[in-house]
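The structure follows.
Each value in this text was obtained by applying a stated rule to the coordinates, not by laboratory testing. Bear in mind the structure is a predicted one, so any value in this text is a computation, not a measurement. Positions of Cβ are generated from backbone atoms using ideal geometry, with glycine treated the same way; all protein chains shown enter the neighbour counts.
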């Protein structure tokens with residue numbers, strides 16, 4: 001069921017909601033995504049032909065992350081040395097942010113990752129395990145991530161954003177998230193929004 005903010009979600013509301021129900025996304029953004037890993041690839045502007053439609057701006061941003069959780073992060077590296085972080089495995093996603101005016105209070109649509117459906121069935125020979133130590137991917141999640149599909153986006157965001165008209169692209173999730181019942185931000189979107197704010201691109 002749509003919320004009172006259907007079609008009206010803006011960056012301020014999304015940041016506030018994320019702080020309230022998923023503050024860990026801010027922590028993950030700081031932990032996994034260096035500032036240097038955010039790159040604006042393309043910005044497109046569409047001049048609406050109908051009166052009052054404004055100028056719709058779409059940011060296409062590349063975000064890299066180095067996951068600091070299992071199976072990517074382990075207490076010891078392959079040589080048995082104790083480590084506090086890993087910089088061996090990284091994931092790359094496209095973050096898309098679309099809004100009519102460059103303000104934090106303008107309704108916005110967002111997406112993290114490829115406009116594709118999550119792949120649940122993966123050839124076992126591709127997944128690394130004790131029986132298959134030479135597998136190319138660490139898990140099914142890693143397989144999807146390496147193909148640009150973001151798990152957090154699919155499982156926690158896509159459905160709610162579609163219902164509330166806050167989603168850029170298509171919704172592939174066939175059910176509502178069990179833990180979350182409203183829109184908020186992924187860690188990649190937080191990193192990208194903070195980058196745009198620090199660059200002075202958004203006004204209040």
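Tell me, 64, 157, 195, 188 in order of fewest to most beta-carbon neighbours within 10 Å?
Final ranking by Cβ density, sparse to dense: 64, 195, 157, 188.
Could you give the length gained on full extension between residue 77 and residue 197, defined as 0.36 nm per residue of separation minus the Cα-Cα distance, in nm? Provide the component values of the computation, followed by the final result.
Details: separation 120, 0.36 × 120 = 43.20 nm, distance 3.66 nm.
Extra length from residue 77 to residue 197 when fully extended: 39.5 nm.
Taking the beta-carbon count within 10 Å as an exposure proxy, list 143, 101, 93, 28 from fewest neighbours to most.
Numbers: 143 18, 101 15, 93 24, 28 21.
Ranking 143, 101, 93, 28 by Cβ neighbours within 10 Å, fewest first, gives 101, 143, 28, 93.
Set the Förster radius R0 to 35 Å, insert the Cβ-Cβ distance between residue 115 and residue 20 as r into 1/(1 + (r/R0)^6), and round the FRET efficiency to 0.05.
0.80
Starting from the 7 Å offset along Cα-to-Cβ, what nm value, one decimal, do you get for the label separation of residue 123 and residue 46?
3.8 nm
Also, I was wondering about something else. Would you work out the relative contact order for the chain, in percent, from Cα pairs under 8 angstrom that are 6 or more residues apart?
With pairs under 8 Å counted, the relative contact order is 25 percent.
To continue, here is another question. Give the Rg (one decimal place) followed by the Dmax (whole number) of the range 11-198, computed from C-alpha coordinates and expressed in Å.
17.9, 65
Quick check on the exposure proxy: order 1, 153, 197 from fewest to most C-beta atoms within 10 angstrom.
Lowest count first: 1, 197, 153.
Which angle between 0 and 90 degrees, to the nearest 10, do you get for helix 187-198 versus the longest principal axis of the chain when only C-alpha atoms count?
Approximately 50 degrees, to the nearest 10.
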